[in-house]
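Q: Provided herewith is a single structure, encoded as structure tokens, for subsequent inquiry.
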Amino acid sequence: MNKRIIIILLLAILPCIASAQKHFEFDYFVLELGYCNSFNGAPAARCDYKYYKGGEGLVHLNQVESLGFTPGFNVGLQYHHDCKNDNIGFVTGAMVHSWGNSYKYETPQKDVELTECNRVLSIGVPFYIKLSGELYNRQAYFYFGTQVDFNLSITTTQKVDGTKLSTKDYNEGRNKITVPILLGFNFTIINFRIGMTPMSMFNKDYEITLGGGQVAKPYKDMNDMTFFANFAFTIPLSQWTVKRSYFLSRIF
């Protein structure tokens, strides 16, 4: 799925949504544009099927105990329903989410280091509960909940000592759905949340057939949990935003 097309479509419908929300205080849409960082530990065990093809042929690689860091993004359109007491509300919508895992491996002699980044493109459906003393006017609230991520594709990029080797799509072995747990805070148009996914992006039971009919599970040693830290701008598509911008008030 082309990320540019998704962003263009979202931007194209903004004027229509903002205009439709003029008279609604407790039901409105919010545009989210964010930067996501994913963190993960090293593989859980010895990786039996990770090799490096050097001048002397295939060399087995060992995992390196390190913290993986993978930058990503999220673009979404949320639907907010605030209860009339203005203290509790609910959020759902649709989110395009890019996240991933990064691992490091090295040869037994420690003379070659390979970095592998597995990046996932997902469409997520959030389900949040938000709490505040005054939700709508302040747009300052804590929220918690989950997001059902439908994983569309996994792209794996490998680098040796900083030099890119290859980029491949590994879609058959992915988990099609992951469900992170999230906790966040919003202040006006600034949003920050942390979370974790308690399952691997890969299907650990996925099998491949090697030479001689041997069967292997290439993802069985992958780390289960991925942690997130997300910074985003959240723009209410309602009179809340229009009243704070002279330019927008002239349009709507």
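The values are calculated or read from the model by the stated rules, or taken from the named source; none is laboratory data. In this text, all values refer to a predicted model and were calculated from it rather than measured experimentally. Here Cβ is always computed from backbone atoms with ideal geometry, including for glycine, and neighbour counts include all displayed protein chains.
Q: Any residue that is small (Gly, Ala, Ser), out of contact with any Ser or Thr (no Cβ under 8 Å at 6 or more places or on another chain), without any contact (Cβ under 8 Å) to a residue 12 or more places away in the chain and more than 19 Å from VAL96 (Cα to Cα) - is there at least one of those in the range 196-212?
A: Yes: the range 196-212 contains one or more residues that are small (Gly, Ala, Ser), out of contact with any Ser or Thr (no Cβ under 8 Å at 6 or more places or on another chain), without any contact (Cβ under 8 Å) to a residue 12 or more places away in the chain and more than 19 Å from VAL96 (Cα to Cα).
Q: If I filter the range 173-191 for residues that are over 30 Å from ASP82 (Cα atoms), loosely packed, with under 15 Cβ neighbours inside 10 Å and not hydroxyl-bearing (Ser, Thr, Tyr), do I get at least one hit?
A: Yes: the range 173-191 contains one or more residues that are over 30 Å from ASP82 (Cα atoms), loosely packed, with under 15 Cβ neighbours inside 10 Å and not hydroxyl-bearing (Ser, Thr, Tyr).
Q: I've got another one for you. Looking at (1) at pLDDT 95 or above; (2) touching a Lys or Arg at 6+ places or on another chain (Cβ under 7 Å), which one does LEU165 not meet, given that it meets all the others?
A: Unmet for LEU165, out of (1) at pLDDT 95 or above; (2) touching a Lys or Arg at 6+ places or on another chain (Cβ under 7 Å): (1).
Q: Sticking with this structure for a sec: May I ask you to verify whether SER153 is in a strand (DSSP E or B), surrounded by fewer than 17 Cβ atoms within 10 Å (Cβ to Cβ) and without any contact (Cβ under 8 Å) to a residue 12 or more places away in the chain?
A: no
Q: Please tell me if TYR143 is more than 20 Å from PRO71 (Cα to Cα) and either modelled with pLDDT under 80 or not acidic (Asp, Glu) (or both).
A: When the stated conditions are applied, TYR143 passes them.
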